[in-house]
Each structure stands twice: as structure tokens, then as C-alpha cells.
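Working notes, structure below.
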Amino acid sequence: HDFCPLQTLQPFTLIDSVVHLKLAALPQTIEVTTFDISRRVIDHINSLHERGKDGKPYEIRLPFESGSPWTVELRSYWQAAGNQVGTEVSVPKPPSIGKQLSERGIRVRPQIAAKVSAVDFNVVTQRWNGQPFDLIVATNVLAYYDKLDQALAFSGIEAMLRPGGLFLTNNVVIELPFSRLRATGLVRVEYSRKLAWTDHIFWYVRQ
């Protein structure tokens, strides 16, 4: 939906979900670091980080194809997404592009936007020297790597996690024999039963 302004969603929907699941009491206690190699992405996220420190909110839009046969669970998720990190605001009506579209606007609180920052980092070729993480999420990323690059990324992710930390991905990764990062389960997520739109989320624990 290219009619939306330039925006990043996943850092805020991640914080939103963590608080919704009561894995953290307050959203402003969660720090999110995004890794990317795109200067445009990095600059955008660091800009919203600085604006948040200056007391300025960050607005996101959540478009939804209301005419598609989504599951009840997905519709419920869209209706509540963002409520833990901001307040709902009115947004312009989506354009008519041949689909039934709805849209929600969320004004993310400045103190939460200030907790999101970006780092120029390549998980395949570089090693992280900062503090270890409790949770790492990589969706629609590892599918673009060959087996060697996947193995290098998997090793790098292991080194970035604290003991007991979780790695979530929607691409199964071959576990290295010497790795301390071990698969512990998966969940199948259905977006549309009628059209068989599904995803599989695998989770690994750093031993």
C-alpha cells in the first residue's frame, strides 16, 4: 500500500505485542535495536528516535484489506494493534484502488519512539560487540540467504543472545552441530483459511 507515508511498523508492533502478552509491564521499559544495511532505513529510524527524545510522537498507519477473507483472529489483531504504544488518531480515507480498504492511525508516544534505534549492521559478515539481547526477530530475511550465509547469520545471532534468549523467525534454519542455539518449537499462523494463507514461526533458545 504505497499510499502510506514512509514508515516503520515492526519495532512498534513488537513492543505492542510484548506488553499485550504481559512479558513486560510498560512499553517504555523495552529497548529495540534494528539492524539494516540500507542507509535510508537507518536514517528514518534514527530520525524518529531523535524526534522521540525531543518529545515528538511518531505516527503509523495500519492499512487493512477489509474485503479479503481474513481469519477472525487477524481482524481482531488489526483492531487492537498499537493500543499499547500509542493512541488511535483519525487518518485520511484510503484511496480507491480496487479493494475494500480500511485504515487505522496510531500516534506512538514519544518516550516509546525514543526507545527504538537503528544500527548499520550485517549479520552475515559482522559480529556484534554490544550488550546481548533477550529477543531477536528475523522475518522474511533468512529466505534470501544461501545455506552458507544462513549458517553465518545463525552463528552471529547465537552470539548476540544472552543465555535463555529467544530467536524467532519464519524460516527454519539448519542447526549447526556445535551451536548453543536450539529449536524448541513452532507455531502455525493462519491469516485466511479460505485462501490457505499461512505462516510458520520457529523459535530457538540460546542454551
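The values are calculated or read from the model by the stated rules, or taken from the named source; none is laboratory data. This structure is a prediction, so every number in the text was calculated from the model and none was measured. Note that each Cβ is placed from the backbone with ideal geometry, even for glycine, and that neighbours are counted across all protein chains shown. Note: accessible area is taken over every heavy atom of the protein model, side chains too, but ligands, DNA and RNA are not part of it. Shrake-Rupley method; radii C 1.70, N 1.55, O 1.52, S 1.80 Å.
General observations
- Heavy-atom surface of the range 86-193, accessible at 1.4 Å and reported per residue (Å²): 57
- The range 1-69: C-alpha gyration tensor shape, a/c 1.5 cut-off, then a/b vs b/c: oblate
- Rounded Å value of the spacing that divides the Cα centres of the range 26-56 and the range 83-142: 9
- Straightening the chain between His200 and Lys93 buys 35.2 nm, computed as 0.36 nm per residue apart minus the Cα-Cα spacing.
- Residues of the range 66-87 falling in the label zone of Ser192, defined by backbone nitrogen less than 18 Å from a point 7 Å along Cα to beta-carbon, are 66-79.
- Charge context of Pro95, other residues only, Cβ under 15 angstrom, K/R +1, D/E -1: 0
- Inter-label distance for Leu74 and Gln207, nm, one decimal - labels placed 7 Å from Cα along Cα-to-Cβ: 3.7
- FRET efficiency estimate (nearest 0.05) - Cβ-Cβ, Asp2 to Arg180, R0 35 angstrom: 0.25
- The mean accessible area for residues of the range 1-65, using a 1.4 Å probe and ignoring ligands and nucleic acids, is 60 Å² per residue.
- Loop sites in the range 35-114: trypsin sites (Lys or Arg not before Pro), DSSP, at most 14 other Cβ within 10 Å: Lys99
- Cα gyration tensor shape of the range 1-123, rounded if a/c is under 1.5, else prolate or oblate by comparing a/b with b/c: prolate
- Between the Cα long axis of helix 39-53 and the first principal axis of the chain there is an angle of about 70°, rounded to the nearest 10.
- Helical runs assigned H by DSSP (4 residues or longer) give the chain a calculated mean residue ellipticity at 222 nm of -7500 deg cm²/dmol, each run adding -39500 (n - 2.57) before division by the residue total.
- Helix 10-20 vs. the chain, principal-axis angle (Cα, 0 to 90°, nearest 10): 90
- The accessible surface of the range 101-207, taken with every protein chain in place and a 1.4 Å probe, is 55 percent carbon and sulfur.
- Order of exposure, largest accessible area first, which applies to Ser155, Ser192, Ser47 with probe 1.4 Å: Ser47, Ser155, Ser192
- Within the accessible area of the range 1-93 (1.4 Å probe), percent carbon and sulfur: 53
- Accessible area in the full protein assembly, largest first, 1.4 Å probe, for Tyr77, Tyr144, Tyr204, Tyr191: Tyr144, Tyr77, Tyr191, Tyr204
- Measuring only protein heavy atoms, the 1.4 Å probe finds Lys56 accessible over about 90 Å².
- The heavy atoms of Phe3 present about 60 square angstrom of accessible area, all protein chains included, probe 1.4 Å.
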